[in-house]
Every structure is written in C-alpha cells, then in structure tokens.
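The values are calculated or read from the model by the stated rules, or taken from the named source; none is laboratory data. Note that the structure is predicted; figures quoted are calculated from it, not measured. All Cβ positions, even for glycine, are placed from backbone atoms using ideal geometry, and neighbour counts span all protein chains on display. Ligands, DNA and RNA are stripped out before the accessible areas are found, and what is left, the full protein with its side chains, is counted by its heavy atoms. Shrake-Rupley method; radii C 1.70, N 1.55, O 1.52, S 1.80 Å.
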Amino acid sequence: QVRLVESGGGLVQPGGSLRLSCAASGSILGFNVMGWYRQAPGKQRELVAAITRGGSTNYADSVKGRFIISRDNAKNTVSLQMNSLKPEDTAVYYCKAESILFTDYWGQGTQVTVSS
C-alpha cells in the first residue's frame, strides 16, 4: 500500500509564496511521473505541474514562470514552489504519483488560499 501525504498549504497574501511538499510511504518500487493537481470550488480538477523520473517538466499555462516543480527520486518526494501567488490560485492542491507499474496514487489534498 502506497500513501502520499502533502504539506505546506495555508493562507498567503497575493504576491506571496508557498512551498508544497509530498512524501510517499509504503511499498514503493518507484514512480514514473509525479505531479500536482488542484481543484477550486465548482471547478474540475486540473493539472498544475508534473515531472518525470528523468526530470522533464510540464506546467499549466496559468502557472508557467511562477511555479517550480522538483522531485527527489531517492526520497520519493515531490515539491511545488509557488511564487507570485494570485487569488485565482486558491484551491485544494493534490499530489499524484504514477508508479512504475502504472498505478495512480493520490494524496488527501492541502488547501491553498490566496487572499488579502
């Protein structure tokens, strides 16, 4: 059983920064793609950023230039550095990891609120 636990969410003013972290535990063989998704009230869950085992990254257009995703393969962790935050970034952020056996795992989510 694999478990993903996110941390680092909270309340921040517009223009501020937050760093989200996600740690995997359990019977881990390794992960192919790890990433972050978010879901705002009344909206569908959307991809924010993803990173492959080799370090290739993909970002939603809305966060390019502001967010940076990184991972530590040895520790099975993935992080999201969020800068220049905007009110429209407010959402529950979820960590997702695709195992090398192509099974998807999700974290429980962490709330990010950008408001003055």
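Number of residues in region 1-24 that are within 16 Å of the chain's Cα centre (by Cα) and within 14 Å of N76 (Cα to Cα) equals 8. Each residue in region 60-96 was checked for being on the phi > 0 side of the Ramachandran plot and surrounded by fewer than 16 Cβ atoms within 10 Å (Cβ to Cβ), and 2 pass.
Quick check on region 25-47: of everything there that is farther than 20 Å from D72 by Cβ and of a type in the set (A, V, I, L, M), which residue is farthest from the chain's Cα centre (by Cα)? Looking at the filtered set, the residue picked out is A40. Restricted to region 33-54, and to residues there that are within 17 Å of Q111 (Cβ to Cβ) and among the small types (G, A, S), the residue that is surrounded by the fewest Cβ atoms within 10 Å (Cβ to Cβ) is G42. Of all the numbered requirements in (1) crowded, with 18+ Cβ neighbours inside 10 Å; (2) within 20 Å of Y105 (Cα to Cα), T57 misses one, and that requirement is (1). Filter region 11-32 for residues that are within 21 Å of A60 (Cα to Cα) and either of a type outside the set (A, V, I, L, M, F, W, C) or open to solvent by 50 Å² or more (accessible area, probe 1.4 Å) (or both) and give the result. The answer is P14, G15, G16, S17, R19, S21, N32. Look at region 87-106: where a residue is in a loop (DSSP other than H, G, I, E, B) and a partner is surrounded by fewer than 13 Cβ atoms within 10 Å (Cβ to Cβ) and modelled with pLDDT under 95, sitting 6+ places away or on another chain with Cβ atoms under 7 Å, you get I100/L29; I100/G30; L101/L29.
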